[in-house]
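The values are calculated or read from the model by the stated rules, or taken from the named source; none is laboratory data. All figures in this text were calculated on a predicted structure; none of them were measured in a lab. For neighbour counting, all protein chains shown are included, and Cβ atoms are generated from backbone atoms with ideal geometry for every residue, glycine included. What goes into the accessible areas is simple: the full protein's heavy atoms, side chains included, and nothing from ligands, DNA or RNA. Shrake-Rupley method; radii C 1.70, N 1.55, O 1.52, S 1.80 Å.
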Amino acid sequence: MTRRAGVKGNGTWSTGVSIADVNGDGLLDIYVCHSGKYDDPAKLSNELFICQGIKDGVPFYKDMAAEYGLDAPGTQSTQAVFFDYDKDGDLDMFLLNHSNHTYNPFLNTRKTRSTPDFHFGNRLFRNDRDASGHIHFTDVTLDAGIVNNALNFGLSVTVSDLDGDGWPDIYTTSDYTEKDCYYHNDHNGHFTESLNKSFTHISKYSMGSDIADYNNDGRPDVITLDMLPEDNHRQKLLKGPDEYDEYHLLLDSGYYHQQMRNMLHLNEGVDEHGDLRFSEIGQLADVSNTDWSWSPLFADFDNDGWKDLFVSNGYLRDFTDMDFLKYTVPDAKIAAAKQGNQNFQTYGLVQKMPSNKLSNYIFHNKGDLTFSNVTADWGLSLPTVSNAAAYADLDNDGDLDLVVCNNNEPALVYRNEEDKLKKNHFLRIRLTGEGMNTRAYGAKALLIMEDGTKQYQELYPVRGYQSSMAPELFFGFPSEASIRKLTVIWPSGKETVLTGVQADQTMNLSEKDAGNATAAAGAAGRPESRLFTDVTESSGLIYRHQENDFVDFKSEVLLPYQLSREGPALAKGDVNGDGLEDVFVGGAIGLPGHLFLQDKEGHFKESVRQPWLQDSVHEQVNAVFFDADKDGDLDLYIVSGGNEYGDGSPEYQDQLYINDGKGNFTKAPDDALPPMLSSKLAIAVGDFDNDGDLDLFVGGRGQPGSFPLPSASHLLRNDSHDGVVHFTDVTDLVCPALRLPGMVTSALWVDMEKDHFPELVLGGEFMSVKLFDNKNGTLRDVTERAGLTHLTGMWSCIAAVGGDDLLLGNGGYNDQFKASVSEPMTVWVADWDDNGTIDPLFCYYIQGKNYPMASRDELLDQIVPLKKKFVHYKDYADARLEDIFPKSKLAGAKVYKCEEMASGVLHNKGQGRMDFTAWPVMAQFSKVYGAVVDDFDGDGIPDVLIAGNFFPYRTRLGRCDASLGLLMKGIAGGGYQPVDPAVSGLYIGGDVRRLVEIRNPSGGKLLVVAKNDDAVQVLKVNAK
Amino acid sequence: MKILAYIIVCLNTYSALGAGVPGGAVLHRAEKALTDVIVHDIFSPPVASRIYLYANVAAYETLVKAYPGDYRSLHGQVKAFPDLPAPREKIDGGLSAVYAFLMVGKKLVFSEGMMEDSLQSIISGYRGLSRSVYDASLRYGKRAADSIMAWADKDQYKETRKLPRYRFIKKEGKWIPTPPAYMAAIEPYWNKIRTVTLDSCSQFRPAGPPPFSKDTGSIFYRQAYDVYVTVNKLTQEQKDIANFWDCNPFAVTMEGHLHYAIKKISPGGHWMSIVGIVARQKGLSIKESSAAYTMASIALFDAFIACWDEKYRSNVIRPETYIDAYINEGWRPLLQTPPFPEYVSGHSIISQSTAVVLSGMLGDQVAFDDSTEVEFGLPARHFSSFLEAAQEAAQSRFYGGIHYRAAIEGGLVSGDEIGRWVMRRIRLKQ
């Protein structure tokens, strides 16, 4: 009935559609965006079809865009969203535009980015009514702080009150180099663009987006889509050379951290500086790789109370692969020229390419932050080239149906059969607002069930890509559940609170019936008392670790991550005997660390003497205070590590500083320590021979330049006497298996048998947790007996937790690669091309098959003879190790394994057996580098606090940075429960490496966090 | 009768001069086949020059031994050069030479299949030979190829593959990767490659670039400004010249998510093609042609080593980077800036070096129509001498917006010295 309704349109290419009651007359209006290659700005005008009424059941419209000032002539628009940003009761409008040609990444774009462009840049229009009620929209883009320039390639805009302060914020995506924007509403008509403060990285080619609370914690989360395929074949076709230089050049030019994959930003609440924080966990959630994707839609399709995720994808012509770039086009051009055709058009070649249809994706929300791919099960596996999509209960049977638009094919309308298959409950809510915002856009609804679980939604129909959803709120919940309370928070702040709400109905609620606002029942309430307070500024522990600019990837081309960024070291101890714990923070090469002394007020001051400043050639990766010379005071041992120097370099020698009892340190004579010229990391202090002095185990990590070969570890027996410090390397004597146990990152002496001869536990990368038992000073590898052989991981820390259990930090689940016993991650090492050097091939499983991670370009760059074997990318696209190298080479290779990536607890089962249990998913956001056990909430039961991230992965993988630290509250009877950061107040982000707990004079506690290439953070533990 | 005629035709397929030393046609064909694969496989300019050198030297040495008399071997003239024994069987020198050429080429390119196809096609023209001569010719050609490859193996190419990847220097005035693809710097260690005639890579070190400065009164700024202004108002002729000598083996175009490359012959390949054009024009025999190709490839090879030595020593920022940062951020050069530092201009030094050598061998007033770029969509250009072509090649880089004047002038001076040095150190004709 398009023609009858009068919405046929102006015939130019249309893009996004947005539905809203713009003139507040109760009838829904339609805004249609336009774009395309037109010279006449009049053709590039958007249309606003104002509903004039309904006749014989058919609404009819009139295009009044120009009168309202919303026609935006000359703009290339993608989508528009109507929302009340100034809370004056009428709907304003944000117009998302895009540039007319794509800007290649350029470094010096200061001028372009700071020059407004009203055709390509995004715009904000404020709804102004004059005295007689006439509506006119005013462009307030620049005054409101909206970023507006010609580089913009906006593909989606979504509105949400992200930080729960009652004012709508905006998230816009931009394809190509220009970054996304997060506009925080400042409440005064102005927005502050705050992406860098809140998001740690974003999608590189951000397409569609959606904002919804997917984990039912009351805070809206953000998803953006990108182009990373799920399968190895397509990934390998797209992957070119390593992009380290380009990535960092763009980063330095202000384009921020961007990786090509879908990003799922979990809303973690507002920290005490007032910044909203997100953890990007798309890989952990298994929704990061869906190929060239357009429209993400969070919606509860199976009515189980958890929002599922639909993703539309597809591309009409596959011209993104590297063969197209390097061979198909240039060779066709040359061939055409040889035949005399000088007018070869690439576009013509593109048109001839076959269309590659992919099936869309639909993911079932498992309720534990992750999703499972149910595309086939739920009936959406038809291959199409899809983009825009919308959900609505088209047949009014209580479940959400789907409409999906396709290229060159009819649209798909999927009927949801939930009502027949699952028979769960639903609740549909339609809202009538007071004033001009008749549909109450921006209203929030909080549904609390009898069992305490909650669901939260905001009424903003514009979501996904170029689409509008039905302007109503739809909730599903399981058949056995029932509603305890429904709260609707109207845009004005008034509230409607209802109990006894029946399932399976459509409720029509009006704002005029609402009551006054109560204390924040909505999204993110800020609890009065948080468990931690950031006291960095006032602590006096002002230290910023500064990395050198050594780039491991330049010398080891196939390295999956840098081994030169393990610092800073962090050690605590009362060095001056005043009863107050002091802190040493170690530095990288060139900038050695500092000792801070705690005073009676609990503040820190740099010690006057810093003798280690003379030893600036070492990379100080670990340190410990202990009494080396048995004179009752704490000496300082600093471990040297890193990847910068060659194996055997004197710069790897550790340093020992002897305390005079008053906190003044002098370097021990050179013969105090045996030569230990390997790159090391771990250190453990214990009296292994039970002779009354403290011995050391120093763990070797990686042989520089030869990943993943381990470097030598050292068991040092303390032979100090009469005040002369001396340690002897007794590794080969006492336990030769300790010389090269692996790439050790962490070590701990634990007296498991309570016989005063402590056992040694080691953790490291691509090695199992290793246990050495201790019989009267003789150490023996009992890893196998302990059942630990397959507990290989990327172990990063070990901490004792009382009882005989151990906390183990590992790499986490939030990576492209996953590990299990049946599908381990592996590194294959051999001299593949007989050139005298070994090369590591990092492999992991994708869809059940094991592939090398390296792209064709990366592999060929390092293993040069392969350039003859894999001229084309498609030759390499399915290659597994056995397709690349002969059997004999593979048979002779050394294989390192990782079968477990979870952090968790190693339980001592007695009789020398140990058992591992993983922590819940919330503890697997990133690499865990520190674990502290204490009663942080003052309830008498010990809790566990973990922190850690790992930034220096390859640039294609991007930073592993989702962790903001986590408090796991101990529950009576055993077990731990993760505590929401908004409740705990724990926000430890950044490239965290070390964590210690310090007591202050009043008995209070401080957490000191050391981060790589970043400032130390200090938190006060509030509970007593 | 028909069979005899057929045999005679086959025997004469590559024989322009009848009995005795054959004509150059088969060698020209082999050069073209090699160039096609070099273009397809996207070899950088210095690496391409290495392929041309060893392939041509293999052919030349074969011909010198197969047709002894008026040409001298490189053995004794070039350090550590092998002494290929003379053939002991009856062979067809032309077949052996072109076989040696293509075998070396096949070893050094990536697309061996493509090379093999060309090889089979080219040597099929010799099917008329007797079985024993045919086989013996191939055997001798292989022997020559192996001998040259053993010599090539010691030129440090293998060793330079193992060195750490280049880290660009984060300092004002230093080179950084350029748009649109920000490709990694090409061959930062090329100065370690063993030269043919030069005593060292820095024997004819250029004068050095003007000191870096952002000061608008400085020489550096004025040179950059000169590039900026010139490119902004290029005449059609200047554009044609820039495009004619673009010779970019891998230029990337990015239109949104549509990325594609345009491949062209490298500057070394362009000069090898010029040798072929003039050799055909003058009706040179295969020996004369091979000598010209060989000398040219030596001049190219040594000049590239000297050039790359200076490029990474002076490490100068490209005009595009400088102009975007200090003059006009939206400015783009006409050509795509290639991925290596600026001073000196490769085209300038290698073109002059080669032109000097070709002038010495074939004459300094040799006019020719350079149709090299026709298959890449650019019309032929006429030059009245090799040196005139070299001058234009050098100047083209300024019009293209990818070099300052100093790099061109410095390149021409050093190229001239290198060319003369090559002529002094190596005499091919008795």
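Each Lys or Arg adds one and each Asp or Glu takes one away; over the other residues whose Cβ falls under 9 Å from the Cβ of A:PHE596, this sums to -1.
The mean count of C-beta atoms from other chains within 10 Å of the C-beta of residues in B:176-189, rounded to a whole number, is 4. The packing ranking of peptides A:981-989, A:836-844, highest mean first, is A:981-989, A:836-844, where packing means the average number of other beta carbon atoms within 10 angstrom of each residue. Across peptide B:321-330, the mean count of Cβ atoms from other chains lying within 10 Å of each residue's own Cβ comes to 3.
When the Gaussian network model of chain B links Cα atoms closer than 10 Å, the mean-square fluctuations of B:ALA380, B:ALA390, B:ALA406 top out at B:ALA380. Extending 7 Å from Cα along the Cβ direction at A:THR112 and again at B:ASP153 yields two label points whose distance is 5.0 nm. For region B:230-283, applying the loop criterion from DSSP together with a ceiling of 16 other beta carbons within 10 Å to the trypsin sites (Lys or Arg not before Pro) yields B:LYS233. Ranked by the mean number of other Cβ atoms within 10 Å per residue, highest first, peptides A:26-34, A:92-100 order as A:92-100, A:26-34. Counting only residues at least eight positions apart within a chain, or on another chain, the lysines with an alpha carbon under 21 Å from that of A:LYS1020 are A:LYS572, A:LYS600, A:LYS605, A:LYS969, A:LYS1005, A:LYS1011. Each Lys and Arg Cβ is given +1 and each Asp and Glu Cβ -1; about its Cα centre, the protein assembly as shown then shows a dipole of about 7180 debye.
Here's the list of aspartates and glutamates a cross-link from A:LYS111 could span, going by alpha-carbon distance under 17 Å and ignoring same-chain residues fewer than 8 apart: A:GLU178, A:ASP252, B:GLU320, B:ASP324, B:GLU329. Taking a ≥ b ≥ c as the square roots of the eigenvalues of the Cα gyration tensor of region A:480-587, is the shape rounded (a/c under 1.5), prolate (a/b larger than b/c) or oblate? Since a/c reaches 1.5 and a/b is larger than b/c, the shape of region A:480-587 is classed as prolate.
Computed from Cα positions, the angle between helix A:329-338 and the longest principal axis of chain A comes to roughly 70 degrees. A simple rule links phi to the HN-Hα coupling: the Karplus curve 6.51 cos²θ - 1.76 cosθ + 1.60 with θ = phi - 60°, which for region A:393-408 gives 8, 5, 9, 6, 10, x, 9, 8, 8, 10, 10, 10, 8, 10, 7, 6 Hz, with x for Gly and Pro. Helix content alone sets the calculated 222 nm mean residue ellipticity of chain A: runs of n ≥ 4 DSSP H residues at -39500 (n - 2.57) each, divided across all residues, give -1500 deg cm²/dmol. In the structure shown, the pairs A:LYS554/A:LYS887; B:LYS65/B:LYS107; A:LYS667/A:LYS927 are assessed against 24 Å; a Cα-Cα span above that value is assigned to A:LYS554/A:LYS887; A:LYS667/A:LYS927.
How many percent of Cα pairs in region A:580-704 exceed 17 Å? Summing the P(r) tail past 17 Å for region A:580-704 gives 58 percent.
Could you calculate the contour length gain from A:GLN339 to A:ASN408, that is, 0.36 nm times the residue separation minus the distance between their Cα atoms, to one decimal place in nm? Value of the extension gain: 21.5 nm. Note on A:549-555: average number of Cβ atoms from other chains within 10 Å of each residue's Cβ is 3.
What percentage of the solvent-accessible surface of region A:438-591, computed with a 1.4 Å probe over protein heavy atoms, is contributed by carbon and sulfur atoms? So the carbon and sulfur contribution to the accessible surface is 47 percent. Counting only heavy atoms of the protein chains and using a 1.4 Å probe, A:VAL350 has close to 10 Å² of accessible surface.
Loop-resident GluC sites (Glu not before Pro) (DSSP state other than H, G, I, E or B) in region A:401-442 with no more than 10 further Cβ atoms inside 10 Å of their Cβ are absent. Inter-label distance, A:ILE54 to A:GLU601: 7.1 nm, where each label sits 7 Å from its Cα along the C-beta direction. Heavy-atom accessible area, probed at 1.4 angstrom with all protein chains present, ranks A:LYS87, B:LYS311 as A:LYS87, B:LYS311, highest first. Comparing B:GLY268, B:GLY141, B:GLY20 in a Gaussian network model of chain B (Cα springs below 10 Å), the most mobile by mean-square fluctuation is B:GLY20. Contact order for region B:243-310, expressed relative to its length and based on alpha carbon pairs under 8 Å spaced 6+ residues apart, stands at 23 percent. Using C-alpha pairs under 8 Å with a sequence gap of at least 6, the mean separation divided by the residue count of region B:337-392 gives a relative contact order of 36 percent. In the neighborhood of B:ILE241, defined by Cβ-to-Cβ distances under 14 Å, what is the net charge if each Lys or Arg adds +1 and each Asp or Glu adds -1? It works out to a net charge of -4.
By definition, a body whose alpha carbon gyration tensor gives a ≥ b ≥ c is oblate when a/c is 1.5 or more and a/b is not larger than b/c, and the protein assembly as shown fits this oblate description. Estimate for me the total accessible surface buried between chains B and A (protein heavy atoms, probe 1.4 Å, no ligands or nucleic acids), in Å² to the nearest 100. About 4000 Å² of accessible surface is lost on pairing. Within the same chain, lysines fewer than 8 places from A:LYS326 are excluded, and of the rest, those with a Cα less than 19 Å from its Cα are A:LYS236, A:LYS239, A:LYS338, A:LYS352, A:LYS867, A:LYS868, A:LYS869, A:LYS874, B:LYS263, B:LYS264. Computed from label points 7 Å out along Cα-Cβ, the spacing between A:THR536 and A:ALA376 is 4.8 nm. For region B:69-176, the relative contact order works out to 33 percent when only alpha carbon pairs closer than 8 Å and six or more residues apart are counted. Each peptide in A:458-471, B:186-199 was scored by the mean count of other Cβ atoms within 10 Å over its residues; highest first, the order is A:458-471, B:186-199.
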